[in-house]
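Derivation of every value follows stated rules applied to the coordinates shown; laboratory data play no part. On a predicted model such as this, the values are computed, not experimentally measured, just so you know. Here Cβ is always computed from backbone atoms with ideal geometry, including for glycine, and neighbour counts include all displayed protein chains.
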Amino acid sequence: MYSGLVHAHSGLRWIFLVVILLTLVLALTKWLGKKPFWEEHKKWALITLIIAHIQLILGLVLYFISPKVIFEGAAMKDSVARFFLVEHISMMILGIILITIGYMRAKRQLPENSAKTITIFYGIGLIVILYMIPWPGSIYGVVSWF
Ligand code: HEM
């Protein structure tokens, strides 16, 4: 079960990245063209939100079963253990909160403002998430591409 969850969490990263990038390109194009985003493209913002929340659920389960998450004070002194205990979870939750706020605000706004809101909130959320992905070859030990 553990191995399956790690691969699901790792693989879903790619689907998430492709869908959020597509949403951002659509939103930025509409913002620059001074056109509303919501009516035509809200499904992409929603799909991004749903995938981010699935990642959150998978991540929360992994957090309590992964051998990389060590619940000891000493973990704070080791950069890899600290990353999985505190940094990855807190920054990923921050990124997902930004995406959620962006979606909720855009939904309530006038359609002509939605492109700007999605670009800003999803854009900052993506930067935070990209920064906190443990990429293979980084200091975070054995992590996979998929
Ligand atoms: C969009 C959000 C997220 C992305 C893109 C993401 C991506 C990743 C990736 C690529 C790995 C490496 C998997 C591997 O070992 O090959 C990983 C590991 C992990 N993530 Fe996330 N993550 C996200 C959110 C979260 C959240 C919110 C949590 C906790 C609530 C979390 C908990 C974990 C844990 C515990 C591991 C270590 C799993 C292991 O290898 O034992 N992740 N994440």
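Panel order for ARG108, ARG82, by other beta carbons found within 10 Å of each beta carbon, from fewest to most: ARG108, ARG82. The length gained on full extension between GLU112 and LEU32, counted as 0.36 nm times the residue separation minus their Cα-Cα distance, comes to 27.6 nm. Using C-alpha pairs below 8 Å separated by at least 6 residues, the relative contact order for the range 18-83 is 24 percent. Derived scalar couplings between HN and Hα for the range 137-144 equal x, 8, 6, 8, x, 7, 10, 9 Hz in order, rounded to whole Hz, by the Karplus curve 6.51 cos²θ - 1.76 cosθ + 1.60 (θ = phi - 60°), x for Gly and Pro.
Under the combined filter of DSSP loop state and at most 16 neighbouring Cβ atoms within 10 Å, the range 25-126 retains these GluC sites (Glu not before Pro): GLU72.
ASP78 sits among other residues whose Cβ lies under 15 Å from its own Cβ, and their net charge, with Lys and Arg +1 and Asp and Glu -1, is +1. The count of lysine pairs in the range 2-132 whose Cα atoms are under 22 Å apart, excluding pairs fewer than 8 places apart on the same chain, comes to 17.
Counting neighbouring beta carbons within 10 Å and listing from fewest to most, the residues MET76, MET1, MET92, MET132 come out as MET1, MET76, MET132, MET92. When the chain is treated as a Gaussian network with alpha carbon springs shorter than 10 Å, the biggest mean-square fluctuation among GLY123, GLY59, GLY11 belongs to GLY11. At 25 °C and a viscosity of 0.890 mPa s, what translational diffusion coefficient does Stokes-Einstein give for the chain, taking Rh as the Kirkwood radius over Cα pairs? Give it in µm²/s as a whole number. Answer, rounded: 152 µm²/s. Arranged from fewest to most other beta-carbon atoms within 10 Å of their beta carbon, TYR131, TYR103 become TYR131, TYR103.
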